[in-house]
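Here is the structure we will look at, set down as structure tokens.
Please treat every number below as a calculation from the coordinates, not as lab data. Note that the coordinates shown come from a computational prediction; the quantities given were computed from them, not determined experimentally. So basically every Cβ, Gly included, is an ideal-geometry build from the backbone, and we count neighbours across all protein chains shown.
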Amino acid sequence: MKSSQSAPLVSSTSKRRVPILLLSLHTLLALLLTLLLGCNGGTVLNGSQEPLQIENEKLKVSDFHLNAFVPIEKKIYDYPELPALYESLRSSSDGYCEIIHNRKPFRRDVALKLISEEYLSQFWKDRFWGSFHNLVSGCWNFYIMNDVRPFDDFRLVKSLFPEATKHCYSVGLMQPYIMHNILGCEDLNFLDVDWRIHYAHFQLEQMFRDQMFASVGDVPESIRKLHLGWIAFSPTPVQAKHAVTPATLCRLNQNECMEHLSLYQKNRVNLSSITWNLAKLHDADFPRHPGMPVVYLSNAIEELYTSRSQFDLLLGRVAASIQVGKQALFAYHAAGTDEIGLYRLVRKAEKTVDASGPLTPNYEIETICRDRYHRANTGALKEYTTYFETVSKTQNPTACKTLIQEMDRD
């Protein structure tokens, strides 16, 4: 088993690297300027002075991913190390995915390039269509945003908490960029258990640094350069590299969705840091902050993806990141609908506990607003509730749709 401690940088002779040409010319220049200007306390990136420096962009890896995947060698990766990591993951995963999708027969040596010996049987037993292990291995990837108008979720948060300093966390591919554009996040934290989603984010980050989304008109041509593979529910045969169009990234509202990539090109300079969390929700890193964490969950806390115990761990981790009396916000969005819920976590003073046991944060959950949730993929709309409804102290909350309508009238 690999050590879960962050390992020091290794030499090029002890770890396979891809050619430096994988870094764009602009990124190479930015790295050079970082070295030249670091001693002077400033870094010039993208032709302007900005707070978002390369050293403030990192990938953080969970213990599960560290131990399960051969190419992953440590818990924290700096930005310049990511091209080599993703190239190693991509090439080893493509070979395994060809087996998973019945393009080639099983070969143990090919599978072991991606998955460690101790985890291989676990992955192979769960290799069937749409399985969790196919997703985390990069063979079944949900790039498309099927949340209906998540723009409204973030507009409502901004309306309700206009002055709060927001530390933003989000699942999904497009949602984090929309989130920052509307909320003006202090920092942006990407959440996903699938390394290929983070690989897509990293490719986009390289494009943002290269000013490839300077205008809305640049977006369709630029996204065609993304390397997105093994797309779940693809209308075309699943493969190692798919053609990318706006419909690949956004199921609905594609023009507005694409505009947000161009907006983020301008707004990303206001971020103090970017962190990609390769982890399950409850294993993600939630560092202590003086402001308000805002966690966009989409529908990732449904029972299919998150157990009740994992949900409780998630709440505890977020509660531990804020001070007593401070608050965090969770935004839930029912899949394939415009039905949403906003939930507030308030950190309370700790209760007296047995000194021999672990100290868990004390908090309360209240529902700011909640629509009635329906499953849109069951043929008939079937109403359901989430774990939040079992822990919230709020009875009969206002519908979020009502608050959005009132906000739009003002």
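For Lys158, Lys60, Lys166, what's the fewest-to-most ordering of other Cβ within 10 Å of each Cβ? Intermediate values should be presented prior to the final figure.
Details: Lys158 16, Lys60 20, Lys166 23.
Starting with the residue having the fewest Cβ neighbours, the order is Lys158, Lys60, Lys166.
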If you place +1 on the Cβ of every Lys and Arg, -1 on the Cβ of every Asp and Glu, and leave all else neutral, what size is the dipole of the range 255-410 about its Cα centre, to the nearest 20 Debye? 340
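Quote to one decimal, in nm, the extra length available between Asn267 and Glu389 on full extension: 0.36 nm per residue of separation minus the C-alpha distance between them.
Working: separation 122, 0.36 × 122 = 43.92 nm, distance 3.51 nm.
Fully extending the segment from Asn267 to Glu389 adds 40.4 nm.
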Can you give me the C-alpha center-to-center distance between the range 96-110 and the range 321-349, rounded to a whole angstrom? 42
For the range 74-196, the dipole about the Cα centre with charges only on Cβ (Lys and Arg +1, Asp and Glu -1), to the nearest 20 debye, works out at 440
How large is ³J(HN,Hα) for each residue in the range 330-346, as worked out from phi by the Karplus curve 6.51 cos²θ - 1.76 cosθ + 1.60 (θ = phi - 60°), to whole Hz, x for Gly and Pro? 10, 10, 10, 9, 5, 4, x, 9, 9, 8, 9, x, 10, 10, 10, 9, 10
Using amide H atoms built 1.01 Å from N in the peptide plane, name the residues 5+ places from Asn299, or on other chains, whose amide H lies under 5 Å from its own. His333
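Normalised by the residues of the range 192-326, what does the relative contact order come to in percent, with Cα pairs under 8 Å and at least six apart?
On the way: 112 pairs, mean separation 32.3, N = 135.
RCO, the range 192-326: 24 percent.
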Charge tally for neighbours of His242 with beta carbon under 13 Å away, counting Lys, Arg as +1 and Asp, Glu as -1, is +3
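For every other residue with a beta carbon closer than 15 angstrom to the beta carbon of Thr390, add +1 if it is Lys or Arg and -1 if Asp or Glu, then tell me the sum.
Values: positive: Arg308, Arg370, Lys393; negative: Glu302, Glu303, Asp312, Glu364, Glu366, Glu389.
My count for the surroundings of Thr390 gives -3.
Using the 10 angstrom Cβ neighbour count as an exposure proxy, how do Asp218, Asp78, Asp147, Asp153 rank, fewest first? If you can, show how the numbers build up before the last one.
Details: Asp218 17, Asp78 13, Asp147 28, Asp153 25.
Placing the least packed residue first, the sequence is Asp78, Asp218, Asp153, Asp147.
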Hey, with R₀ at 41 Å, roughly what FRET efficiency would Ser91 and Glu406 work out to, going by the Cβ-Cβ distance, to 0.05? 0.20
Inter-site label distance for Asn67 and Trp124 at 7 Å from Cα along Cβ, in nm: 2.0
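Taking neighbour counts of Cβ atoms within 10 Å as a proxy for exposure, in what order, fewest first, do Val136, Val391 appear?
Numbers: Val136 23, Val391 18.
Lowest to highest Cβ neighbour count: Val391, Val136.
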Can you compute 3J(HN,Hα) from phi for each residue in the range 75-85, using the Karplus curve 6.51 cos²θ - 1.76 cosθ + 1.60 with θ = phi - 60°, rounded to whole Hz and x for Gly and Pro? 7, 10, 10, 7, 3, x, 7, 6, x, 5, 4
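Provide the gained length on full extension for the span Glu350 to Arg308, in nm with one decimal, where the gain is 0.36 nm per separating residue minus the Cα-Cα distance. All intermediate terms of the calculation are to be shown ahead of the outcome.
Working: separation 42, 0.36 × 42 = 15.12 nm, distance 2.22 nm.
Full extension of this stretch gives 12.9 nm more.
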The range 237-345: translational diffusion in µm²/s, Stokes-Einstein, Kirkwood Rh over Cα pairs, 37 °C, 0.692 mPa s: 197
